[in-house]
1. Condition check: crowded, with 22+ Cβ neighbours inside 10 Å, under 18 Å from A:D47 (Cβ atoms) and either among the basic types (K, R) or in contact with a strand residue (DSSP E or B) (Cβ under 9 Å, 6 or more places away or on another chain) (or both). Does A:G257 satisfy that?
2. Quick check: anything in segment A:45-54 more than 13 Å from RNA strand B (Cβ to nearest atom), free of Cβ contacts under 8 Å to residues at least 12 places away in the same chain and either open to solvent by 10 Å² or more (accessible area, probe 1.4 Å) or not in a helix (DSSP H, G or I) (or both)?
3. How many of the residues making up segment A:11-23 are open to solvent by less than 60 Å² (accessible area, probe 1.4 Å), within 25 Å of A:P357 (Cβ to Cβ) and part of a strand (DSSP E or B)?
4. Restrict the check to segment A:171-178 and report whether at least one residue is outside any loop (DSSP other than H, G, I, E, B), open to solvent by less than 60 Å² (accessible area, probe 1.4 Å) and under 30 Å from A:R41 (Cβ atoms).
5. Six or more apart or on different chains, Cβ under 6 Å: which pairs go from a residue in segment A:397-416 that's free of Cβ contacts under 8 Å to residues at least 60 places away in the same chain to one that's buried (at least 21 other Cβ atoms within 10 Å of the Cβ) and aromatic (F, W, Y)? Could you list them?
6. Out of A:L441, A:L493, which single residue is away from RNA strand B (no atom under 13 Å from the Cβ) and in a helix (DSSP H, G or I)?
7. It is to be established whether one or more residues within segment A:461-479 are more than 35 Å from the chain's Cα centre (by Cα), of a type in the set (F, W, Y) and at pLDDT 95 or above.
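The values are calculated or read from the model by the stated rules, or taken from the named source; none is laboratory data. Fair warning: this is a prediction, and the values are worked out from it, not measured in the lab. Here the Cβ positions follow ideal geometry from the backbone for every residue, glycine too, while neighbour counts run over all protein chains shown. Heads up: the accessible areas ignore ligands, DNA and RNA and are worked out on the full protein's heavy atoms, side chains in. Shrake-Rupley method; radii C 1.70, N 1.55, O 1.52, S 1.80 Å.
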Amino acid sequence: MRVYNTLTQSKVEFIPREEGKVSIYVCGPTVYNYIHIGNARCYLSFDVIKRYLKFKGFDVYHVQNFTDVDDKIINQAKKEGIPASEVAEKYSQGFIEDSKALKFDPPDIRPKATEHIPEMIEMIQGLVDKGFAYVEDGDVYFEVGKFDEYGKLSHRKLDEMEAGARVEVDERKRNPFDFALWKKAKEGEPSWSSPWGDGRPGWHIECSAMSLKYLGRSFDIHGGGQDLIFPHHENELAQAECYTAESPFVRYWLHNGFVTLTGDKMAKSVGNVVLLKDVIKKYDPMVVRMLFLTTHYRSPIDFSEEKLKESTRSYERLNNLVGNIDRVLKKREEKVSRLEPGRDVIVLKAFIENGEPEFVEAMDDDFNAPDALGGLFKAARDINTYLASYDEFSLDELDMLQDIKELFIRLGGAVGLEFTSFLSPEDVDEEWREERRAVMLSGLAKFAGVNVKDAGVLFNRDFPGFVKKFVDLRAAKRAEKEWQTADTIRAFLDSQDILLEDTAAGTLVRIRRLIV
RNA sequence: GGCGAGGUACCCAAGUGGUUAAGGGGGGGGUCUGCAAAACCUCUAUUCACCGGUUCGAAUCCGGUCCUCGCCUCCA
C-alpha cells in the first residue's frame, strides 16, 4: 500500500510502526460552530482511510481531539452571551451528532484540550528547559530559529517566508514566526495556573500533547486539511520533535484537499460556508459520502446542489443493484431450473474473482476511491445486464448472486457506503408512518371510499395491507384500462414516498430511501 | 514575491510511457411497458490547455507559454 506523505511530497510504501497496527490522529474541530461541508470532507476522508485500513486487517487506534479552549471560542461566547465552556460543550455535541449522521466510525478516544492542561504545561516546561522556548511577561513562545528543521513539513524556509509575509509585528517575539505555547490570562477569560502565571495554552500545543500521550512517540498517521500544514502541523511537529528529541514525530502526514464553492475555498473567513447539518436535512448522508468519494481525497472539489443530485443518482445506481439481486434471490423459493448448459456465467465469476483484488489495487494506491468505485459501477452494469437477460436462474446462479451481493456490500463498507435492499411497506418505522397518516387515510377514503375510521384501523394494524388496498385498486383500474385513475393513484403514493413498479412479476412496491 | 496543486467530452472524474483514454451524471436514439419507474442496448473525446522537444511510441517525461486554485494570517 502506498500513501502520499506531505513530508516527502511523494507516494511512499505504507509501513506502520508496529506490524498490523496503525495509530492515527486526526485534528478535531475547534468547537465554536457547527461544522461545514469543508470540515465534513476532512473527517469523511479520514473515515474512509480508517475504514479501509480496518478492511485491510489493520488494528487501528484512532484519536480525535476537541480543541475546546481558543480565542474563537471565547469570541463566540461573547457573541452568544454564554460561558466559553458552554459554547464548547454545545458544538462538541453538535459535532458528535453530525458524525453519527454521516456514519463516521467513532474514534477510540476523544480527548479534550481542557482536560490535558497538565500535560501541556509539562511539555512547555520541557521546551523551556531545553532552550526551545522563552518566557516573556507571562507568555511562552516557541523559538522557531532554534529548530534547524523548521519548515520541513510545509517546505518553506524561514528567510523566504519573511521576505513576503505579512506577519503581525510583535516586539516581544525574537522571530515573527515564533508562536505562543502559553498565553497570559486576560480578564474574564478561562485560565489555568502555570509556572508562568495564570493563562491558557496556545493553539498548537494541545494536539502535540494529546497525540504524544495517547499514541506515543512516532505514531503512524496524522491527518487534517491542507490548510493545517502551515502553521498548525509545522508547529506541532517542531514542538514534538524538540520536546522528545526524536524524529519522526509522525511517520505519515496525510492532508485532504479543499471544498470550494463556485471556485473559492469554503471557509468561515470567506463567509461562504454551507453547514453540514443543513445539507443532511435535505440529502441522505450517504449521498454526501458518495459525492466526496467520487473525487480523490487530495484534489479540490467544488460543492454544489447539482453535484448532490448527481451523487444521489449514482448512489442509487449502486444501491439498486442489491435490491435487483434480492428480487432474483427470492426466486429461490420458487421453482428453479438447472443451470442451462452453455449459459455464460463468466460475468458473475469475474466479479466474484476480480472484484475485490481490483478494488484493493485502486485503494492501495493512496486511497484512490474514485478508481475503486469505477469497478463497482462497472460490476453493477454487468450484473444488471445478466439479471435482465434471463427469467429463470439455477441454484448455482443464485448462489453466485448471493456471493456477489455480499461482496458488493462488503466492498462498499470498506469505504463506508451502505447498500441496502429495497425497503417495502413492512420495513417503515412508526415515525415514517405517522408523518403520512393523515394524508394517506384521506387518500384511501378518496380512492376507495373506505371511511376514515376503518382506514385508520387498517393503517394501525396492517400497514402493508393498507398500502395493498391502493395497489389492488390500481390493478383493478388498470384491468379496466382506466389509465387516468390508475396513474393518479400511483402519483398519490409517489407523493408519500411509496414507489410502484410494474414488472412482469407484478407490481412491486418500494419505499423511497433517498431524499432529493 | 516564495512554495504547492491542477487544466482530460455538455458537466463531474480516473488514468502519469505502449492494446479500442475507466467510471458517474446529463442528453439523443432504441428495448421492455398502456404510461411511468427500474434495468438493459446504443450514440455523445481519433483526443487529453497551447507550443516545442525526448522517444520506435506521450494525456503521461523535459522546456516554454497561457489560465485556475490553494498556502505563506484564523481556517478542515
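1. On the way: crowded, with 22+ Cβ neighbours inside 10 Å: no; under 18 Å from A:D47 (Cβ atoms): yes; either among the basic types (K, R) or in contact with a strand residue (DSSP E or B) (Cβ under 9 Å, 6 or more places away or on another chain) (or both): yes.
Answer is no for this residue.
2. The answer is no, given that none of the residues of segment A:45-54 is more than 13 Å from RNA strand B (Cβ to nearest atom), free of Cβ contacts under 8 Å to residues at least 12 places away in the same chain and either open to solvent by 10 Å² or more (accessible area, probe 1.4 Å) or not in a helix (DSSP H, G or I) (or both).
3. So in segment A:11-23, the residues open to solvent by less than 60 Å² (accessible area, probe 1.4 Å) come out as A:12, A:14, A:16, A:20, A:22-23.
After this cut, where a residue has to be within 25 Å of A:P357 (Cβ to Cβ) as well, the list is A:12, A:14, A:16, A:20, A:22.
Retained after the next criterion (residues that are part of a strand (DSSP E or B)): A:12, A:22.
Selection size over segment A:11-23: 2.
4. At the first step, the residues of segment A:171-178 found to be outside any loop (DSSP other than H, G, I, E, B) are none.
No, the conditions are met nowhere in segment A:171-178.
5. A:L411/A:F359
6. Values: A:L493 fails: away from RNA strand B (no atom under 13 Å from the Cβ).
That would be A:L441, the only listed residue that is away from RNA strand B (no atom under 13 Å from the Cβ) and in a helix (DSSP H, G or I).
7. First, the residues of segment A:461-479 that are more than 35 Å from the chain's Cα centre (by Cα): A:461-462, A:465-479.
Then keep just the ones that are of a type in the set (F, W, Y); that gives A:466, A:470.
Add one more test, that the residue is at pLDDT 95 or above, and what stays is A:466, A:470.
Within segment A:461-479, one or more residues are more than 35 Å from the chain's Cα centre (by Cα), of a type in the set (F, W, Y) and at pLDDT 95 or above.
To keep it simple, each residue is scored yes or no on (1) more than 13 Å from RNA strand B (Cβ to nearest atom); (2) in a loop (DSSP other than H, G, I, E, B); (3) over 23 Å from A:G94 (Cα atoms).
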position	(1), (2), (3)
A:S269	no, yes, no
A:N272	no, yes, no
A:I280	yes, no, no
A:V287	no, no, no
A:F292	no, no, no
A:T295	no, yes, yes
A:S299	no, yes, yes
A:D302	no, no, yes
